[in-house]
Amino acid sequence: MPYYQWQDKDLLLFIRVSPRASRSQIVGIYGDRLKVKTTAAPIDGKANADICKLFAKTYGVAKSKIIIQKGQTSRDKCLRIHAPKKCPNFITL
């Protein structure tokens, strides 16, 4: 299974999160997931909020357009990005 999938105008991303990193960034492909590092700790949803902020900036959408569909308390997550305006090189529109 690939790390992303299109459902109409929505992009589903399957990610693996590493919290408490030195900087927040999308690292690259990690098996069948996209590896993401975040500076936030996985406490009180701070890491999830930081991930949403990172992907909102990367895909050119508001934070409200990003939903964590699965994995609220897990390192493995499924994000839904509604109608991304731009995509990084590793994903095609």
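Each reported figure results from applying straightforward, stated rules to the coordinates on display, with no laboratory input. Computed from a predicted model, the values in this text were never measured in an experiment. No Cβ is skipped: glycine too gets one built from the backbone with ideal geometry, and neighbour counts run over all protein chains shown.
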Practice task
Note the angle between two axes, namely the Cα long axis of helix 46-59 and the longest principal axis of the Cα atoms of the chain, as a number of degrees from 0 to 90, rounded to the nearest 10.
Solution key: 30
Exercise for the section: For the chain, build the charge dipole from Cβ charges (+1 Lys, Arg; -1 Asp, Glu) around the Cα centre, then report which of Cys87, Leu54, Pro2 sits farthest towards its positive end. Expected result: Leu54
Problem - Per-bin percent of Cα-Cα distances, the chain [10 Å] - result: 18, 57, 25, 1
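Restricting to DSSP H runs of at least four residues, report the calculated mean residue ellipticity at 222 nm for the chain, -39500 (n - 2.57) per run over all residues, nearest 500 deg cm²/dmol.
Result for the chain: -5000 deg cm²/dmol, rounded to the nearest 500.
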Exercise for the section: Would you mind computing, in nm to one decimal, how far apart the modelled labels at Asp8 and Ala83 are, each placed 7 Å from Cα along Cα→Cβ? Expected result: 1.1
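Can you tell me the relative contact order of the range 4-82? Whole percent, Cα pairs under 8 Å, sequence separation 6 or more. If you can, show how the numbers build up before the last one.
Numbers: 150 pairs, mean separation 24.9, N = 79.
That works out to 31 percent.
Please compute the net charge surrounding Ile67, taking Lys and Arg as +1 and Asp and Glu as -1 over other residues with Cβ under 11 Å from its Cβ. Before the final figure, lay out the partial values.
Details: positive: Lys63, Lys65, Lys70, Lys77, Arg80; negative: Asp10.
Net local charge, Ile67 excluded: +4.
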